[in-house]
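Let me begin by presenting the structure, written as structure tokens, before commenting on it.
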Amino acid sequence: MNFKTSLKPLGDSAILIQLGDAIDPVLNQRVHDLSALLQSIPTVIETVPAYCTLLVHYDSLTTTYNEIKNQIEEKLALIDESTHRPSRRLEIPVLYGNASGPDLEPAAKTLALSPSELIRLHSEREYTVYMMGFTPGFPYMGILDERLTLPRLSTPRTRVPAGSVAIAGSQTGIYPVDSPGGWHILGHTPLKLFDPMSENPFLFAPGDTVKFIPIKKDDDGR
């Protein structure tokens with residue numbers, strides 16, 4: 001894959017690094033490899049990885065834009081030699097359909113699939129957590145089987161229950177807290193994705209591999 005990288009300032013203390021323009025696991029791996037390498041720069045305060053970009057916040061009181069830009073470019077040259085971030089494989093139990101997945105049947109009808117076929121296509125694939133965002137602990141995962149691609153709901157819900165497993169576009173995700181949302185809800189997981197009182201508050205991290213496991217109602221405890 002050919003990578004076209006660009007760096008541009010955002011305000012007076014941040015740099016946006018554009019590493020590509022696609023949802024691609026190799027490209028996303030490159031984003032996170034660079035994020036890890038930049039942690040060794042003392043003036044870097046925080047890095048925020050996304051699908052193909054990396055936002056770098058730096059201490060503008062102790063370094064200049066040109067200085068941090070040069071340091072970033074040095075790290076970019078090391079990406080291919082860096083050690084890849086470790087990947088975890090997580091199995092996520094999901095109760096599909098009915099009250100737990102109110103959009104399962106409508107989505108299946110739109111996609112010209114049976115509900116059981118939609119469940120099979122969604123659960124048979126392993127997904128990569130590309131980035132976190134929207135609400136604390138929300139994992140953006142992909143890539144869906146192309147037969148499951150749907151636009152977001154025309155009218156978002158004002159409240160989506162925590163644990164809702166949903167799809168939109170070529171992505172799937174899980175709502176970690178009760179919140180508004182416009183994705184198609186296929187099911188529910190009993191797992192807690194966000195616990196602010198825990199030492200490690202988030203269940204997921206970028207780079208994790210996720211497999212959905214269909215369960216029965218008794219297993220969900222609902």
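Does Gly207 count as part of a loop (DSSP other than H, G, I, E, B) and crowded, with 16+ Cβ neighbours inside 10 Å?
Numbers: part of a loop (DSSP other than H, G, I, E, B): yes; crowded, with 16+ Cβ neighbours inside 10 Å: yes.
When the stated conditions are applied, Gly207 passes them.
Inside the range 1-46, residues that are under 19 Å from Tyr65 (Cα atoms), among the small types (Gly, Ala, Ser) and out of contact with any His (no Cβ under 9 Å at 6 or more places or on another chain) make up a count of 4. Residues of the range 170-222 that are over 15 Å from Phe134 (Cβ atoms) and among the hydroxyl-bearing types (Ser, Thr, Tyr): Ser170, Thr189, Ser198, Thr209.
The residue that is surrounded by the fewest Cβ atoms within 10 Å (Cβ to Cβ), among those in the range 92-149 that are aliphatic (A, V, I, L, M) and assigned to a loop (DSSP other than H, G, I, E, B), is Ala112.
Select from the range 145-164 the residues that are modelled with pLDDT of 95 or more and small (Gly, Ala, Ser) and write down the one among them that is nearest to Phe204 (Cα to Cα). That would be Gly163.
Of all residues in the range 172-194, those satisfying the criterion of being surrounded by 17 or more Cβ atoms within 10 Å (Cβ to Cβ), free of Cβ contacts under 8 Å to residues at least 60 places away in the same chain and out of contact with any His (no Cβ under 9 Å at 6 or more places or on another chain) are Gly173, Tyr175, Pro176, Ser179, Gly181, Trp183, Leu193, Phe194.
Contact map, the range 103-120: residues that are under 16 Å from Pro214 (Cα atoms) paired with residues that are open to solvent by 80 Å² or more (accessible area, probe 1.4 Å), Cβ distance under 6 Å, separation 6+ or inter-chain. Pairs shown: Pro115/Glu105. Pairs linking a residue in the range 125-137 that is over 16 Å from Pro93 (Cα atoms) to a residue that is of a type in the set (A, V, I, L, M) and not in a loop (DSSP other than H, G, I, E, B), with Cβ atoms under 7 Å and 6 or more positions apart or on different chains, are Thr128/Met141; Val129/Met141; Val129/Val210; Tyr130/Met141. Applying the criterion of being free of Cβ contacts under 8 Å to residues at least 40 places away in the same chain, open to solvent by 40 Å² or more (accessible area, probe 1.4 Å) and among the hydrophobic types (A, V, I, L, M, F, W, C) to the residues of the range 16-73, the residue that is farthest from Ile143 (Cα to Cα) is Leu61.
For the range 109-143, the set of residues classified as modelled with pLDDT of 95 or more, in contact with a strand residue (DSSP E or B) (Cβ under 9 Å, 6 or more places away or on another chain), more than 22 Å from Ala162 (Cβ to Cβ) and hydrophobic (A, V, I, L, M, F, W, C) consists of Leu111, Leu118, listed by residue number.
Inspect all residues belonging to the range 65-79 and state whether any of them is in a loop (DSSP other than H, G, I, E, B) and in contact with an Asp or Glu (Cβ under 8 Å, 6 or more places away or on another chain).
no
The values are calculated or read from the model by the stated rules, or taken from the named source; none is laboratory data. Since we're looking at a predicted model, the values are computed, not measured. Because the Cβ atoms are built from the backbone with ideal geometry, glycine has one as well, and the counts that use them run over all protein chains shown. Ligands, DNA and RNA are stripped out before the accessible areas are found, and what is left, the full protein with its side chains, is counted by its heavy atoms. Shrake-Rupley method; radii C 1.70, N 1.55, O 1.52, S 1.80 Å.
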